[in-house]
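Reviewing the structure listed below.
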Amino acid sequence: AINDVTADATYTAEYSALTRQYKVSFDSAVFDPISDQTVDYGNKVVKPAEPSKDYYRFGGWYKDPQFKEEWNFETDTVKGNTRIYLKAVGLTYTVTLNPNGGTLPQGKEEIKISYGSAYGPLPTPVKEGVIFDGWYNDENFSRKIDPEDIYNIQDNSALFARYKYEIA
């Protein structure tokens, strides 16, 4: 506090800089958790080791969960609490489509699919005198495969066409 000034006086102000610190977290649905970092405002995040996981490859560090804008550890700085998203890309496998005597459209004899992804639309084979009944996981038609089903086989595989007879 300053009292009443009755003569010339010199005052010195002392202050300390207030450093704002923010939490940086890493978000991944696939890889093992990465420890949060506390980073001062305007500073760069320390790049963690690239994660690894069986059947996936690391696809980069991103600013958004849609993986559209990459985080650049050399130039990006922290301006507030920050979440960095880790992209996991399933390894790609070949699924051979066995039409069981039917005919597939040209070029549709196999599909490429990433581990952990949905099969997606599958081609429809044609076979005279019968109606296509779907794609199955084995020759015994144990389980029907739907386009929404997730590919969780850790290797190349095959699907088998099943047919039913038309009833006139």
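When Val78, Val89 are checked against the criterion of being open to solvent by less than 50 Å² (accessible area, probe 1.4 Å) and at pLDDT below 95, Val89 stands alone in meeting it. Among the conditions (1) open to solvent by less than 70 Å² (accessible area, probe 1.4 Å); (2) modelled with pLDDT under 95; (3) among the polar types (S, T, N, Q), the only one that Ser25 does not satisfy is (2). Within region 34-60, residues that are within 19 Å of Thr75 (Cα to Cα) and among the acidic types (Asp, Glu) reach partners that are in a loop (DSSP other than H, G, I, E, B) and open to solvent by less than 90 Å² (accessible area, probe 1.4 Å) with beta carbons closer than 8 Å, at six or more positions or on different chains, in the pairs Asp40/Thr19; Asp40/Val78. Only a single item in (1) open to solvent by less than 90 Å² (accessible area, probe 1.4 Å); (2) in contact (Cβ under 8 Å) with a residue 40 or more places away in the chain; (3) among the small types (Gly, Ala, Ser) is not met by Ser114, and it is number (2). Could you tell me how many of the residues in region 125-168 are within 31 Å of the chain's Cα centre (by Cα), in contact (Cβ under 8 Å) with a residue 12 or more places away in the chain and in a loop (DSSP other than H, G, I, E, B)? So the count comes out to 12. Take the conditions (1) under 30 Å from Lys144 (Cβ atoms); (2) modelled with pLDDT under 95; Ser52 misses just one of them, which is (1). Yes or no: Lys44 among the charged types (D, E, K, R) and assigned to a loop (DSSP other than H, G, I, E, B)? Taking the combined requirement at face value, the residue satisfies it.
The values are calculated or read from the model by the stated rules, or taken from the named source; none is laboratory data. Since the structure is predicted, the reported quantities are computational estimates derived from the model, not experimental observations. For neighbour counting, all protein chains shown are included, and Cβ atoms are generated from backbone atoms with ideal geometry for every residue, glycine included. In case anyone asks, the SASA skips ligands and DNA or RNA and just uses the protein heavy atoms, side chains included. Shrake-Rupley method; radii C 1.70, N 1.55, O 1.52, S 1.80 Å.
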